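What follows is one structure encoded as structure tokens, with my remarks underneath.
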Amino acid sequence: MLLDIDKLRAYYEGAHDDISLDDVDLERIPAHVSIIMDGNGRWATARGLDRSQGHVAGVDSLREAVTTSVRLGLDVLSVYAFSTENWRRPKREVDLLMHLFATTLVNELPLFHQENVRLRFLGDIDSLPERTRRVFQRGLDETADHTGMTFALAVNYGSRAEIARAAREIARDVARGALSADDVDETALAGRLYTADLPDPDLLIRTSGEMRLSNYLLWQLAYTEFYVTPVLWPDFSRWDFLRAVASFQGRSRRFGGVVSS
Ligand code: FPP
């Protein structure tokens with residue numbers, strides 16, 4: 001994606017603590033960054049607030065992460081907003097999250113238009129509450145022609161279910177003769193995942209210090225660099241994003257091979 005250097009410099013005006021824009025190589029920005037946004041509940045509890053207020057505060061961080069990603073010239077930003085396991089949370093919290101997703105999407109549509117961001121969903125959004133589903137569809141329709149960054153929101157997403165669904169689709173295609181069993185390869189499977197046509201993430205950020213994948217993009221993260229920060233999601237800023245990118249750029253990615261000299 002093309003980078004607007006002046007806008008980026010203005011966005012990252014000044015230095016912040018230990019990090020500034022000069023610490024990253026703008027020629028080597030990851031194309032796809034994925035984030036497991038974690039710690040909303042702990043952020044709220046630590047302040048004597050209801051967990052729901054942590055999610056509300058998390059919306060501000062998400063808006064900033066989208067803007068940061070656009071300014072940095074990412075092709076794709078994907079975020080884990082709600083897993084297939086999250087239905088086990090108290091009904092009140094689930095209802096609040098569904099409401100928040102729908103409301104936020106409506107509120108942020110002008111930003112998506114302004115920044116030419118195309119929206120996409122990962123997960124089974126057909127079984128979401130009616131209003132949430134309707135608003136999601138509206139977001140898809142209204143941003144379908146945008147040619148800038150893709151913002152992929154994982155909602156009602158579980159990686160094992162996604163892989164099983166792809167396998168089912170392959171089985172059906174083989175059964176009806178549209179695909180030969182010998183042609184079932186990695187490309188055939190990847191093309192039937194929710195992420196079909198998206199590049200695999202280069203960098204996965206997880207906030208709040210947890211060291212696990214939580215059933216997120218198990219297939220797609222095969223060669224992704226991980227960055228775990230203790231920062232809770234509502235506190236995650238453009239500067240934390242920059243720290244993650246700087247850390248990513250300090251790694252040597254070999255994809256199972258050796259470094260060429
Ligand atoms: C993890 O914190 C966060 C979630 C399960 C929900 C993510 C939702 C948002 C960031 C709100 C905005 C999102 C959109 C798409 C509008 P947690 O509740 O697991 O925190 P805890 O681990 O401290 O309990």
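Things to note:
- Among the residues of the range 132-154, those that are closer than 21 Å to Ser83 by Cβ and touching a residue at least 12 places away in the same chain (Cβ under 8 Å) comprise Thr132, Val135, Phe136, Gly139, Leu140, Thr150, Phe151, Ala152, Leu153, Ala154.
- Which listed residue is of a type in the set (Lys, Arg), over 17 Å from Ile125 (Cβ atoms) and at pLDDT 95 or above, from Arg160, Arg165: Arg160
- Selected residue (criterion: nearest to Asp25 (Cα to Cα)) from residues of the range 103-121 that are of a type in the set (S, T, N, Q), within 11 Å of the ligand (Cβ to nearest atom) and more than 17 Å from the chain's Cα centre (by Cα): Asn107
- Check on Val79, within 12 Å of the ligand (Cβ to nearest atom), at pLDDT 95 or above, assigned to a strand (DSSP E or B) and closer than 26 Å to Gln249 by Cα: yes
- Among the candidates Leu179, Leu100, the residue that is within 16 Å of the ligand (Cβ to nearest atom) and modelled with pLDDT of 95 or more is uniquely Leu100.
- Selection within the range 24-45: residues that are within 14 Å of the ligand (Cβ to nearest atom) and either without any contact (Cβ under 8 Å) to a residue 12 or more places away in the chain or in contact with a Lys or Arg (Cβ under 8 Å, 6 or more places away or on another chain) (or both). The member of this set that is farthest from Trp233 (Cα to Cα) is Thr45.
- Exactly one residue out of Ser159, Ser208 is of a type in the set (S, T, N, Q) and farther than 22 Å from Arg63 by Cβ, and it is Ser159.
- Selection within the range 46-72 - more than 15 Å from the chain's Cα centre (by Cα) and either outside any helix (DSSP H, G or I) or within 7 Å of the ligand (Cβ to nearest atom) (or both): Arg47, Gly48, Leu49, Asp50, Arg51, Gly54, His55
- Residue in the range 204-237 that is nearest to Phe121 (Cα to Cα), counting only those that are surrounded by fewer than 19 Cβ atoms within 10 Å (Cβ to Cβ) and of a type in the set (D, E, K, R): Arg212
- Any chance Arg92 is away from the ligand (no atom under 12 Å from the Cβ), assigned to a helix (DSSP H, G or I), farther than 22 Å from Ala57 by Cβ and of a type in the set (Lys, Arg): no
The values are calculated or read from the model by the stated rules, or taken from the named source; none is laboratory data. This structure is a prediction, so every number in the text was calculated from the model and none was measured. Note that we place each Cβ from the backbone using ideal geometry, even for glycine, and neighbour counts take in every protein chain shown.
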